[in-house]
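Notes to accompany the following structure.
The values are calculated or read from the model by the stated rules, or taken from the named source; none is laboratory data. The structure presented is a predicted model; accordingly, all values stated were derived computationally and were not measured. Positions of Cβ are backbone-derived with ideal geometry, glycine not excepted, and every protein chain shown enters the neighbour counts. The area values use the complete protein model at the heavy-atom level, side chains included, leaving out ligands, DNA and RNA. Shrake-Rupley method; radii C 1.70, N 1.55, O 1.52, S 1.80 Å.
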Amino acid sequence: LTLQPEFEAAQIRVFGEMFKKGFIFRGRKPVHWSPSSKTALAEAELEYPEGHISKSIYVAFEVADPSDALREYHSTSSPVKVAIWTTTPWTMPANMAVAVNPELSYSVVENSKTGKLVVAIDLIETISQKMGFEEGEAFNILCTLTGEDLVGTSYTHPLYERKSPVLAGGDYITTESGTGLVHTAPGHGQEDYQTGLKNGLELLSPVDDVGKFTIEAGERFAGMSVLEEGNQAIIDALTEVGALLRAEDYGHKYPYDWRTKKPTIFRATDQWFASVEGFRDSALNAIDSVQWIPEVGKNRITSFVSGRGDWCISRQRSWGVPIPVFYDKETGKEVLLDDDTLDHIEKIFAEHGSDAWWKFDEKDLLPDCYKDQAEKWKKGTDTMDVWFDSGSSWNGVANTRSELGYPADLYLEGSDQHRGWFQSSLLTSVAVNGHAPYKAVLTHGFVLDEKGFKMSKSLGNVIDPLQVIEGGNNKKLEPAYGADVLRLWVASVDYSGDVNIGPNIIKQTFESYRKLRNTARYLIGNLADFVPSGLEGSTAIPYDDLPSLDKWMLGRLSAVLKEADDAMDSYQFQRAIQEILRFATADMSNFYLDVAKDRLYISAVDDARRRSCQTVIHALLEGIAKAVAPILPHMAEDIWQNLPYEKLTQSVFEGGWPQEHASYSEHENDKWEFVRLVRDDVNKMLEGARSDKLVGASLDAAAYVFVEDEEKREILQLLVGDENLVVPSVKTNGVDELRTVLMLSQVYVVDSLDKIKASCDEKYISGADTSSGCVVGVTKAEGTKCGRCWFYDTQIGKLGLPHDDVCQRCNNAIEVWERKTGQTFSRPPVEEEQPVA
């Protein structure tokens, strides 16, 4: 895409607009320089590997002309020296000054090994240790003065015949390390450059493109690599003249070229720059208008932009989009760059691409108004920083295509791009148009293995996404999980930080996927004879006629869909999928669907309690299918194609977000949450009863419940059903009933603890410190077990019904079935057990 002529022309347009507004200039400044690549580098093209060791040195510069405050301690026979420290000995030939912090306190100290030195008071002890004094030996402090008192002093360079000043620097001079006096080489450091600019220092940088000393460093050093033998040669020379106080290894972070993996240097060269200072405030204001996901991203990019100096946008490479500038052949200094040349080059690039810059001669590249001067001008060879390339993508892509929008809805990349693409895009867009190129920016971490290590082929821990989807050669050890499982893993992790993946993690993810899929299969299987609302012959129950439990469940569905929708809108996919999975497991499978089995399997075919349950299941199925579709498209479509009724759309993706299922209001949440807590407390007591073989299944039991809180007791009493299983129910609607919600044959809400103790063994009675606040006791249910629904009932076999081994409710269901089908119900024969051979 970035090689297309239209994109390159759009990039030139961005460059041109920034130049016309005065934001582009050419200057000589120190920049990150890669000797291995022979080009300038941006901060985003650097990396800082662990384990770098530099040779650091302490050097003494002899004072030539002391300041008034220093004068009485200085003499020709006993001179004062200013002590500096640096981790780049090779920059000593470019030393033009020593900077002090006017606010810091300094001392003149003396020792026979070092002579008189000026150092920061706070660093005297540290420097004493560095000098290797013998036990009991120390510096003698002659006086104390401020940094301001030292300004005006001059010193002689130990290797060259030149005097340099001691001058006031900035707050970058601290006492965290070194001597408190800073070796200043304006050609080799950003802060040094600013100090030099302020004080009119010479910009000396005696280093060439490949990182070797030039003749300006002296014949002794010329041709030596500053990062190799040249560095040691400087140390040796300082030792020879007695200026070296100490040399030692120093471990610290040091910039390397991200392509060649070799160290870089800071070097003054002629480059093209974008003056960020000219639009910094506008850029910071634009940051405030953007949604940053996660929000910490805003702080990161704000800090980068706030501290950003001039952006070096030129590179000395044989590839890339050229900077469309012409130089005077004779002087090499005069530059031709104006509206006419920019517009002309943009048109050429749009037609022929940027290669035209290298293929065409100056006469063809110059506009008509300058063609007669073609012999005077020579086209430049610098190319643009790759971050200017990518930073112009808003103009080359979003701003030039009718189907796209500018500003873009979202920029998506790794968290390292706050200093890269996000920043370069912001700066170019703000410089040209005054606003950010994006409405939102989302950043993510990196993928690590299960143990938290970076993936690498050498470690053998690389996870191939295709292998997760299709499986490995041995399908038993490396099964094919399909794309949905991989997508589910992506959605379920917190992408704002680094994320882990591996066989065990994918296996756990598959379990979540499998549970959700099985739940969907269960729902589909119970809708075989259901006709949704709006279709001919609908069997759905209107919302107003639904039992309270069903209205509560629809309210929960709506709340989950709204939560998932809100989470997805803000790209919080983990929050969305966790809410859906939790709902499917805790609310649906573990509670509602567990309770619903009695209604779905036991009730008569057209019983209202069964049809109302199907009405809810239909909403759950479609709501969940549409909600997971953005994350699990294959599962969602699989569900949709297997719906056992007429669909309004052929694909799940044609229906959009399930707004119709997200519009139910919450219904009696407190009531049903309380009932669920009672259910949990009952189940805990049943565990002990099962262990003691008092009961087997929960329907073998009866429960007695007491609660002091009268409001809670009233809730429970209103849910107590008929004494026996009858149709139609008298006390309740047959759904909002403790018997079926708790899955117990009998439930008694009593008004005293004594009644529980009178009916239940003490070991099966809870305390009052339960989740619900109720005291719960369980015992064996009374009556006979129904052969069909398995509930115990005291009236089975006593009512003279056709089927005397089942309850009245089940007799009714059988009668309805016989009437509806015209068949006679008969039990399947029980196979006799075969003798063991």
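A search for C-beta distances below 8 Å between a residue of the stretch 516-535 that is on the phi < 0 side of the Ramachandran plot and any residue that is open to solvent by less than 30 Å² (accessible area, probe 1.4 Å) and of a type in the set (D, E, K, R), counting only pairs 6+ apart in sequence or on different chains, returns Phe530/Arg611. The residues listed here are Ser492, Ser558, Ser533; of these, the one that is among the hydroxyl-bearing types (Ser, Thr, Tyr) and either more than 23 Å from Ala636 (Cβ to Cβ) or surrounded by fewer than 15 Cβ atoms within 10 Å (Cβ to Cβ) (or both) is Ser533. Pairs, please: C-beta under 8 Å, at least 6 apart or cross-chain, first residue without any contact (Cβ under 8 Å) to a residue 60 or more places away in the chain and in the stretch 195-221, second hydroxyl-bearing (Ser, Thr, Tyr) and assigned to a loop (DSSP other than H, G, I, E, B)? Final answer for the pair search is Asp208/Thr214.
Run down Tyr571, Tyr522, Tyr543 and say which single residue is among the aromatic types (Phe, Trp, Tyr) and either crowded, with 21+ Cβ neighbours inside 10 Å or within 23 Å of Val441 (Cβ to Cβ) (or both). On inspection, the qualifying residue turns out to be Tyr571.
Name the single residue that is surrounded by the most Cβ atoms within 10 Å (Cβ to Cβ) among those in the stretch 656-674 being assigned to a helix (DSSP H, G or I) and at pLDDT below 95. Here the answer is His661. Residue count for the stretch 264-301, restricted to those that are open to solvent by 40 Å² or more (accessible area, probe 1.4 Å), closer than 30 Å to Trp90 by Cβ and either modelled with pLDDT of 95 or more or not charged (D, E, K, R) (or both): 1. Closer than 30 Å to Ser826 by Cβ, open to solvent by 10 Å² or more (accessible area, probe 1.4 Å) and among the β-branched types (Val, Ile, Thr): is that true of Thr770 in this structure? No. Within the stretch 302-309, is there a residue that is open to solvent by 40 Å² or more (accessible area, probe 1.4 Å), closer than 17 Å to Pro437 by Cα and free of Cβ contacts under 8 Å to residues at least 40 places away in the same chain? Yes, the conditions are met somewhere in the stretch 302-309. Where the second residue is part of a helix (DSSP H, G or I) and at pLDDT 95 or above and the first is farther than 17 Å from Arg599 by Cβ and lies in the stretch 537-549, which pairs have Cβ atoms under 8 Å and are six or more apart or on separate chains? Going by the 8 Å Cβ cut-off, the qualifying pairs are Tyr543/Lys551; Tyr543/Leu554.
Within the stretch 725-740, restricting attention to residues that are assigned to a loop (DSSP other than H, G, I, E, B) and of a type in the set (A, V, I, L, M), the residue that is most open to solvent (accessible area, probe 1.4 Å) is Val730.
Within the stretch 347-369, the residues that satisfy the criterion of being open to solvent by less than 40 Å² (accessible area, probe 1.4 Å) and assigned to a helix (DSSP H, G or I) are Ile348, Phe349, Ala356, Trp357, Glu362, Leu365. Taking the stretch 136-206 and the strands (runs of 3 or more DSSP E) fully enclosed by it, the elements with 2 or more residues that are among the small types (Gly, Ala, Ser) are at 163-168. Residues that are crowded, with 20+ Cβ neighbours inside 10 Å and polar (S, T, N, Q) were ranked within the stretch 416-451; the one that is farthest from Glu277 (Cα to Cα) is Thr443.
Selection over the stretch 1-27 of residues that are in a loop (DSSP other than H, G, I, E, B) and among the small types (Gly, Ala, Ser) gives a count of 1. In the stretch 178-192, the residues that are open to solvent by 10 Å² or more (accessible area, probe 1.4 Å) form Cβ pairs under 6 Å with partners that are of a type outside the set (Ser, Thr, Tyr) and in a helix (DSSP H, G or I), at six or more places apart or across chains, as follows: His188/Ala94; Asp192/Pro186. Among the residues making up the stretch 778-805, those that are among the aliphatic types (A, V, I, L, M) and in a loop (DSSP other than H, G, I, E, B) are Ala781, Ile796, Leu799, Leu801. Among the residues of the stretch 743-760, those that are of a type in the set (A, V, I, L, M, F, W, C) and within 15 Å of Phe706 (Cα to Cα) comprise Val747, Val749, Val750, Leu753, Ile756, Ala758, Cys760.
Summed over the stretch 202-243, the residues that are touching a helix residue (DSSP H, G or I) at 6+ places or on another chain (Cβ under 6 Å) and open to solvent by 40 Å² or more (accessible area, probe 1.4 Å) give a count of 3. Here Arg679 fulfils each of the conditions (1) free of Cβ contacts under 8 Å to residues at least 12 places away in the same chain; (2) in a helix (DSSP H, G or I) apart from (1).
Selection of first residues in the stretch 768-791 that are farther than 13 Å from Ser698 by Cβ and free of Cβ contacts under 8 Å to residues at least 60 places away in the same chain and of second residues that are open to solvent by 30 Å² or more (accessible area, probe 1.4 Å) and assigned to a loop (DSSP other than H, G, I, E, B), restricted to Cβ pairs under 7 Å at least 6 apart or on distinct chains, gives the following pairs, ordered by first then second residue: Gly783/Thr794; Thr784/Gly797; Gly787/Asp805. Scanning the stretch 118-143 for residues that are in contact with a helix residue (DSSP H, G or I) (Cβ under 8 Å, 6 or more places away or on another chain) and under 14 Å from Val100 (Cα atoms) yields Val118, Val119. Screening Glu622, Glu637 for residues that are touching a Ser or Thr at 6+ places or on another chain (Cβ under 7 Å), closer than 19 Å to Arg521 by Cβ and open to solvent by less than 50 Å² (accessible area, probe 1.4 Å) leaves exactly one candidate, Glu637.
Quick grid of which residues meet (1) basic (Lys, Arg); (2) in contact with a strand residue (DSSP E or B) (Cβ under 7 Å, 6 or more places away or on another chain):
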site: Ser275; (1), (2): no, yes
site: Ala283; (1), (2): no, no
site: Val290; (1), (2): no, yes
site: Ile293; (1), (2): no, yes
site: Asp338; (1), (2): no, no
site: Glu351; (1), (2): no, no
site: Pro367; (1), (2): no, no
site: Lys376; (1), (2): yes, yes
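Yes or no, residue by residue, for (1) free of Cβ contacts under 8 Å to residues at least 60 places away in the same chain; (2) open to solvent by less than 10 Å² (accessible area, probe 1.4 Å); (3) within 18 Å of Thr156 (Cβ to Cβ); (4) in contact with a strand residue (DSSP E or B) (Cβ under 7 Å, 6 or more places away or on another chain):
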site	(1), (2), (3), (4)
Thr87	no, no, no, yes
Ala94	no, yes, yes, no
Val98	no, yes, yes, yes
Asn101	no, no, no, no
Ser105	yes, no, no, yes
Lys113	yes, no, no, no
Lys116	yes, no, yes, yes
Ala120	no, yes, no, yes
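Of all residues in the stretch 390-446, those that are among the acidic types (Asp, Glu) and not in a loop (DSSP other than H, G, I, E, B) total 2. Please work out if Glu334 is touching a residue at least 60 places away in the same chain (Cβ under 8 Å) and either open to solvent by less than 40 Å² (accessible area, probe 1.4 Å) or on the phi < 0 side of the Ramachandran plot (or both). Criteria not met by Glu334.
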